[in-house]
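Structure first, commentary second.
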Amino acid sequence: MVGDFTADEIMTVAAARALRDGQTCFVGIGLPSTAANLARATHAPNLVLIYESGTIGAKPDRLPLSIGDGILARTADAVVSVPEVFNYWLQPGRVDVGFLGAAQVDRYGNINTTVVGDDYRRPKVRLPGAGGAPEIAASARRGIIMVRHSRRTLVERVDFVTSVGFGRGPGDRQRLGLSGAGPQMLITDLGILEPDPDTCELTLTHLHPNATLDQVREATGWPLKVAPNLAETPPPTAAELATLRKLERTR
Amino acid sequence: MASIVPLADAVSELVHDGDTVAMEGFTHLIPFAAGHEIIRQGRRNLTLVRMTPDVIYDQLIGAGCARRLVFSWGGNPGVGSLHRFRDAVQNGWPVPLEIEEHSHAGMANRYVAGAAGLPFAVLRGYVGTDLARHTPTVKPITCPFTGETLTAVAALRPDVAIIHAQRADRAGNVQMWGITGVQKEAVLAASRSLVTVEEVVDELEPRPDQVILPSWVVTRVAHVPGGAHPSYAHGYSERDNDFYVRWDAISRDREEFARWLATLQPTRS
């Protein structure tokens, strides 16, 4: 606990605030799912949650245990097959926000969830793999990435590009023909990084209360750039915290 | 026409050493009991295909049934890593495991192509990722109408597809509902299929969100109530989340895993 809330709580609250009412959001399990459900329970009751299990417009009143939790199917507007959720719903650009986690994310917002180490065939650590992330990162109109801030996670260059952010920099997404705008926010337990409009490099724009600039620099695996108008994330409101804690207790 | 037979008979008839076996079920309706029967019968050198090789394939891999894994996400959902899968990939234990790795969209489309009798499917995907560099069943393709470069993925044509469903009637027509993932495509893409069911009924009462597999596209049906445990069958059982959590400790250690393996009892059906 720092102050009246934990670092995970401010991260989740900051991520929930990044979602607007009425948007469609393709949600991964874990931190993104908690944040999306917090948004729906607070300021965004009409947020459309889409899970890769094919549940569209799910309205769970507790946190789902997996992306295929029965409560998602029971409360969804539509339950479609897995080929359909990717081909008809994600691929044509019907999703406003793609919400992803990562084992590694680099200064251009590229994501690795495949292997740690240089040799794909002989990895140091074998991670779960891609899941739905490559196409979510490619085709959602905007991306939001959520990770806990550490040098192991925020790295200069990912060992393996599972999902493309801005590639090697400006123009790469257009060259590759990726329809979405790419990651617009990297939300961590210390702050918020956003792509520089000219260089696409993830730059610190918000510092969470209780975090220091030195702490963020120390936990970032590249020489971190800081926006000239660096802001402090407003602390969680009592209502946000109460709703989040109530949701967490449903797990 | 799918005949209804005991699970052990269906597995011994349909699954052979060296086969390509797809066991599907997207966190829901996972055919665990059939997987355990494959372990009991000691099948070897299987190519295991599954979008989400979670606990069920961790068990088959740890038991030494698999030579190759074709997949898109290998984790213990909501818990963490698959330790038997990791041990096989990182250390070749108990036998080396080759992998062919895709994204979910790619795997789903590969099943669609297989079901449709096409050699490949087309999607917008993989572009700019390292997956495309390591996976030979992903290639760029030019649209003959617009000239646009898209991605082709090779069709999946498993020897056997195995799924779990809520119900079958006595003629072997299969009914499932809730999250039905990619099971219909997997059955239609495969040469043979086995469906384990919660219940065999005289008549399939229609449901608004049902998926029906007519008897003549299913090879064998086996009546296995609870056959999806520890996953769930919508309308019949809840997910045994504690088991997924316990699996982390069981699978982390080779000896602990061996003790679990020894507890697999013969099926009675």
Could you pull out every residue, at least 5 positions away or on a different chain, whose amide H is within less than 5 Å of the one on A:GLN104? Hs are placed 1.01 Å off N in the peptide plane, and Pro or chain starts have none. A:ASN112
Ignoring ligands, DNA and RNA, please state the percent of accessible area on the protein assembly as shown from carbon and sulfur, probe 1.4 Å. 51
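For every helix of n ≥ 4 consecutive DSSP H residues, a contribution of -39,500 (n - 2.57) applies; sum these over chain A, divide by its total residues, and give [θ] at 222 nm rounded to the nearest 500 deg cm²/dmol.
On the way: 7 runs with 58 residues, N = 251.
One gets -6500 deg cm²/dmol as the mean residue ellipticity at 222 nm.
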Over the Cα atoms of the range A:7-245, how large are the radius of gyration and the largest Cα-Cα distance (Dmax), in Å? 17.1, 49
Inter-part distance where the range A:81-119 and the range A:135-208 are each reduced to a Cα centre, Å: 11
Calc'd 3J(HN,Hα), the range B:87-94, phi into Karplus 6.51 cos²θ - 1.76 cosθ + 1.60 (θ = phi - 60°), Hz, glycine/Pro = x, comes to 4, 5, 6, 7, 10, x, 10, x
With every protein chain left in place and a probe of 1.4 Å, what is the accessible surface of B:VAL127, to the nearest 10 Å²? 50
Around A:VAL161, which amide H atoms from residues at least 5 apart in sequence, or from another chain, sit under 5 Å from its own amide H, with H modelled in the peptide plane? B:ASP130
Computed over chain A, the relative contact order (Cα-Cα under 8 Å, seq sep at least six) in percent reads 19
Which whole number gives the average count of other chain Cβ atoms within 10 Å of the Cβ atoms across peptide B:74-84? 4
Report for the protein assembly as shown the percent antiparallel among DSSP-assigned beta bridges with both residues inside it, nearest 5. 40
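For every helix of n ≥ 4 consecutive DSSP H residues, a contribution of -39,500 (n - 2.57) applies; sum these over chain B, divide by its total residues, and give [θ] at 222 nm rounded to the nearest 500 deg cm²/dmol.
-8000 deg cm²/dmol
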Computed accessible area, B:TRP73, all protein chains, 1.4 angstrom probe, square angstrom: 70
Span from the the range B:1-43 Cα centroid across to the the range B:89-156 one, whole angstrom: 25
When Cβ neighbours within 10 Å are restricted to other protein chains, what is their mean count per residue of peptide B:218-230? 0
How large are Rg and Dmax for the range A:107-251 when only the alpha carbon atoms are used, in Å? 16.3, 49
Accessible area drop of at least 40 Å² (1.4 Å probe, protein heavy atoms): which residues of the range A:155-180 qualify, relative to the chain alone? A:PHE160, A:VAL161, A:LEU176
Quick one: accessible surface of B:SER191, probe radius 1.4 Å, all protein chains present, in square angstrom to the nearest 10. 90
In whole angstrom, note down how far apart the Cα centers of the range B:167-233 and the range A:52-72 are. 22
Return, for the Cα atoms of the range A:94-144, the radius of gyration and Dmax in Å, separated by a comma. 12.2, 38
At 1.4 Å probe radius, can you tell me the per residue accessible area of chain A in Å²? 39
The protein assembly as shown: mean projected area of Cα convex hull, nm²: 23.2
Report, ordered by chain and residue number, the aspartates and glutamates lying within cross-link reach of B:LYS184, taken as a straight Cα distance under 13 Å and ignoring same-chain residues fewer than 8 apart. A:GLU84, B:GLU24
With Rh as the Kirkwood radius over Cα pairs, chain B has Rg/Rh of 0.97
Average partner coverage of B:172-182, which counts Cβ from other chains inside 10 Å: 4
So for the range B:54-187, averaging the separation of alpha carbon pairs under 8 Å that are six or more residues apart and normalising by length, what relative contact order in percent results? 19
Any lysines whose Cα falls less than 22 Å from that of A:LYS246, other than same-chain ones fewer than 8 residues away, would be A:LYS59
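With a 1.4 Å probe, what is the total accessible area buried between chains A and B, in Å² rounded to the nearest 100?
Roughly 3400 Å² of accessible surface disappears when A and B pair.
The values are calculated or read from the model by the stated rules, or taken from the named source; none is laboratory data. What you see is a predicted model; the values in this text were computed from it and never measured. Every residue, glycine among them, receives a Cβ derived from its backbone with ideal geometry; neighbour counts consider all protein chains shown. Calculation scope for accessible area: heavy atoms of the full protein, side chains included, ligands and nucleic acids excluded. Shrake-Rupley method; radii C 1.70, N 1.55, O 1.52, S 1.80 Å.
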